[in-house]
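The values are calculated or read from the model by the stated rules, or taken from the named source; none is laboratory data. Please read all numbers here as calculations on a predicted model, not as lab measurements. For neighbour counting, all protein chains shown are included, and Cβ atoms are generated from backbone atoms with ideal geometry for every residue, glycine included. Surface areas here come from the heavy atoms of the whole protein model, side chains and all, with no ligands, DNA or RNA. Shrake-Rupley method; radii C 1.70, N 1.55, O 1.52, S 1.80 Å.
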Amino acid sequence: MSDLLQPDVRERAADIPIDDAQLAEIAGLPGAPREFVGRKLGWVFWLAVAFILAIVFSAFLAEFLPINDYDRAFAGRSRAGPNWDYLFGNDNIGQDVFARTIYGARISLLVAGLATLIGMLVGGSIGLITGYYRGAVDNVMTAGVDLILAFPALILALSMILFFDPEAENRMFWLIVVLGTLSIPPIARIVRSAVITYSGREFVQAARLMGARDGRIMLREVFPNVVPALLSYSLIFMAILVVVESGIGFLGLSVPPPQPTWGDMISKGRNELEGAAHISLFPAMVLFLTVLSLNYIGDKMREMFDVRESFL
């Protein structure tokens, strides 16, 4: 492997105790970083990815899966525990808890995913502009971001939902808008910090000296370096929004029945915990594993994309 390296890289690396894969990564050889990154991520990461993919595909292809109707009352025995016909048992009116959990994932993932996308587009743009230009632009936009962050997120979300949609006629739309609005400030702050770091790097200074316009520098030089961190943090924010949407559903302010949501299922089963705990337990378990998986994937991606300075 060392014979393929440039002479200056080979000489500087001669006294450093690293293996061929790490040496190839430093030299920028194609193919070698993939093996190194694969070892770094580990099997738990891929298990979390597999779980998220299974939840996503099950939720959005539920109509094609061999499961019962989620809104069919008295499909099974009321409050019956898990069995071969009903894997998660039945709720207090005989509905299939497993089918309702699968369909409930659709609401939570769709709302959290689209809200995170709004936060990435709007918050990412704000962070890119404020972090690059600084000065008065930074002060004005940062003040607006701090103003939104000053309010308790859940209380602000509930207030906005009740104000814009008191009759729950377009509840999913307003959930996406409200949660997307709440995700803008923290994402903007993260992107702003990353842009400040990269805007002072040598390649940006070189682009300025060559006469490149600010728009080109932001989009061609700074933004590509910010994207990996933005994507990794967006998974963590998505996990937070899944919890927020479930909390809103627990209070009965999410998508109205008959469409199930995880929060609403947990809420309706809380009075049956003594005799039929499975009604709340299984949706809560799937919610927990989903949030845990998203957080773990986001954390590992953040570690993988962290910038490390090289002193070779």
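Before moving on, here are some points about what is shown:
- Flag not set for Ala188, criterion: of a type in the set (Gly, Ala, Ser), surrounded by fewer than 21 Cβ atoms within 10 Å (Cβ to Cβ), under 23 Å from Ala115 (Cβ atoms) and under 18 Å from the mean Cα position of the chain (by Cα).
- Of Ala62, Ala54, all but one fail to be of a type in the set (Gly, Ala, Ser) and either closer than 17 Å to Glu245 by Cα or in contact (Cβ under 8 Å) with a residue 24 or more places away in the chain (or both); the exception is Ala62.
- Within region 59-95, tally of residues that are within 15 Å of Val286 (Cα to Cα) and acidic (Asp, Glu): 0
- Qualifying positions in region 153-185 - open to solvent by less than 40 Å² (accessible area, probe 1.4 Å) and within 11 Å of Leu241 (Cβ to Cβ): Ala157, Leu175, Ile176, Val178, Leu179, Gly180, Leu182, Ser183
- Single unsatisfied condition, Asp214 versus (1) open to solvent by less than 60 Å² (accessible area, probe 1.4 Å); (2) over 17 Å from Val291 (Cα atoms); (3) acidic (Asp, Glu): (1)
- Candidates Leu251, Leu287, filtered to the one that is closer than 21 Å to Leu110 by Cα and modelled with pLDDT of 90 or more: Leu287
- Some residue of region 196-209 being outside any helix (DSSP H, G or I) and more than 26 Å from the chain's Cα centre (by Cα): yes
- Residue match in region 73-84 (condition: in a helix (DSSP H, G or I), surrounded by 13 or more Cβ atoms within 10 Å (Cβ to Cβ) and either at pLDDT below 80 or touching a helix residue (DSSP H, G or I) at 6+ places or on another chain (Cβ under 6 Å) (or both)): no
- Thr130 falls short on exactly one of the conditions (1) part of a loop (DSSP other than H, G, I, E, B); (2) open to solvent by less than 30 Å² (accessible area, probe 1.4 Å), and that condition is (1).
- Within region 49-72, tally of residues that are open to solvent by less than 90 Å² (accessible area, probe 1.4 Å) and either in a helix (DSSP H, G or I) or β-branched (Val, Ile, Thr) (or both): 13
- Positions within region 150-177 being under 18 Å from Ala115 (Cα atoms) and without any contact (Cβ under 8 Å) to a residue 40 or more places away in the chain, in sequence order: Pro152, Ile155, Leu156, Ser159, Met160, Phe164, Asp165, Asn170, Phe173, Trp174
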